[in-house]
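The values are calculated or read from the model by the stated rules, or taken from the named source; none is laboratory data. As the structure is a prediction and not an experimental result, all values here were calculated from the model. A quick note on method: Cβ atoms are made from the backbone with ideal geometry, for glycine too, and the neighbour counts reach across all protein chains shown.
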Amino acid sequence: MNNYHPIYEEAGGIPAISEIKFSLTSNRGCFGGCSFCALTFHQGRIIQTRSHESLIKEAERMTHDPDFKGYIHDVGGPTANFRHKSCAKQDKYGVCTNKQCLFPEPCRNLKVDHKDYVELLRKLEAVPGVKKVFIRSGIRFDYVMADSSDEFLKELCEKHISGQLRVAPEHVSDNVLRMMGKPQNSVYEKFIDRYKRVNAKTGKQQYVVPYLMSSHPGSTLKEAVELAEYVRDIGYMPEQVQDFYPTPSTISTCMYYTGVDPRTMKPVYVPHNPHEKAMQKALMMYRKPENYDLVKEALIKAGRQDLIGFDKKCLIAPRKMDRKCEHQGQRSYGKNDKSKNNSIKNGKNSKNNKAVPQKNIKSSGQKNAKNGKNRNKRK
């Protein structure tokens with residue numbers, strides 16, 4: 001059964017098992033080829049899949065577990081919708097050494113077919129005791145867009161999403177996406193339009209949860225602000241953000257340490273400074289009060305003070321302390337407050353650089369002394 005080892009019972013078990021206990025791993029490997037991902041170095045670019053029979057047997061065993069409520073939480077792997085080799089040539093020649101299957105555009109030899117995956121999902125739904133089969137693993141949206149048929153997307157929207165679909169555009173700047181080995185942002189936008197259209201046909205209102213990354217090589221504060229604006233525009237409020245860190249053997253790691261894109265040998269901007277990385281990360285979670293100072297600093301450094309204000313397009317509003325600093329020494333007055341007029345007069349005089357003549361005003365003590373002398377004279 002899908003469970004942790006009995007030695008953990010004394011420690012109270014492993015709570016996280018609930019997330020994967022009723023999930024099925026249907027494949028290993030990935031031919032996506034993202035620059036920052038090390039998965040291909042330990043699982044390979046050639047997809048390895050489990051047979052339908054093997055997965056159905058595991059699903060049948062799940063139904064006998066007393067904790068099983070009829071829901072299979074996931075059927076997937078590194079990429080849920082990869083169920084076969086990317087092209088027929090891999091059987092004879094293996095993977096290409098000098099190009100990717102999906103980047104910068106899908107290879108003309110790429111085999112795009114979701115039929116086997118759709119068939120598997122339908123078989124699992126037919127297992128007695130199974131009420132619903134969900135897909136929680138991320139799907140490769142550019143691979144979906146390369147499929148001219150809506151069959152898989154329609155099946156996905158109708159039966160296998162619990163209101164939210166996870167996809168990984170990672171960024172919105174084409175410059176950063178190129179460094180990441182990801183498709184252009186326009187591909188993702190077209191996928192969103194297609195996803196909405198298919199959902200509208202099914203009569204459902206479902207959403208997309210985008211995985212986004214900060215501080216990847218190629219991302220300056222300009223691109224980070226661009227990403228923050230995108231998060232604002234879609235109304236997304238991420239609770240956590242993946243900040244890039246170098247993993248062994250990847251292209252992105254090479255960029256991080258050398259400052260050069262090994263594919264073109266051209267220099268790449270790399271945010272190394274921990275404070276800048278913190279600013280880029282904070283921009284994506286600009287709504288959090290604890291990120292205010294970092295977000296403000298980032299916007300000022302990027303020359304985007306236009307995003308500090310009260311307009312609906314602004315990321316943050318000026319704090320009261322900021323307004324006090326700008327108008328230091330000023331205070332609000334009532335309509336009949338005489339000191340208001342005095343402050344205005346003084347302001348005008350100081351503006352024109354004119355000295356205000358001061359009258360020789362004697363103190364009350366001096367006045368009393370003088371009056372006393374005059375009385376003595378009269379006597």
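Can you pull out the residues in segment 292-317 that are closer than 25 Å to Met179 by Cβ and of a type outside the set (Asp, Glu)?
From segment 292-317, those closer than 25 Å to Met179 by Cβ are 294-295, 297-299, 301-304, 307, 315; that's our starting set.
Result: Leu294, Val295, Ala298, Leu299, Lys301, Ala302, Gly303, Arg304, Leu307, Leu315.
Where the second residue is at pLDDT 90 or above and part of a strand (DSSP E or B) and the first is farther than 16 Å from Gly138 by Cβ and lies in segment 14-25, which pairs have Cβ atoms under 8 Å and are six or more apart or on separate chains?
Here the result reads Phe22/Tyr71; Phe22/Ile72, each pair linking segment 14-25 to a residue that is at pLDDT 90 or above and part of a strand (DSSP E or B).
Which residue out of Tyr143, Tyr211, Tyr117 is touching a residue at least 24 places away in the same chain (Cβ under 8 Å), farther than 24 Å from Phe36 by Cα and of a type in the set (Ser, Thr, Tyr)?
Tyr117
Quick one: would you say Pro169 is in contact with a strand residue (DSSP E or B) (Cβ under 7 Å, 6 or more places away or on another chain), crowded, with 17+ Cβ neighbours inside 10 Å and within 28 Å of Asp113 (Cβ to Cβ)?
Numbers: in contact with a strand residue (DSSP E or B) (Cβ under 7 Å, 6 or more places away or on another chain): yes; crowded, with 17+ Cβ neighbours inside 10 Å: yes; within 28 Å of Asp113 (Cβ to Cβ): yes.
Judged against the criteria, Pro169 is a match.
Of the residues Leu177, Leu165, which is free of Cβ contacts under 8 Å to residues at least 40 places away in the same chain, in contact with a helix residue (DSSP H, G or I) (Cβ under 8 Å, 6 or more places away or on another chain) and more than 22 Å from Glu297 (Cβ to Cβ)?
Values: Leu165 fails: free of Cβ contacts under 8 Å to residues at least 40 places away in the same chain.
Result of the check over Leu177, Leu165: Leu177.
Looking at (1) touching a residue at least 40 places away in the same chain (Cβ under 8 Å); (2) more than 23 Å from Tyr195 (Cβ to Cβ); (3) assigned to a loop (DSSP other than H, G, I, E, B); (4) basic (Lys, Arg), which is the only condition Lys123 fails?
(3)
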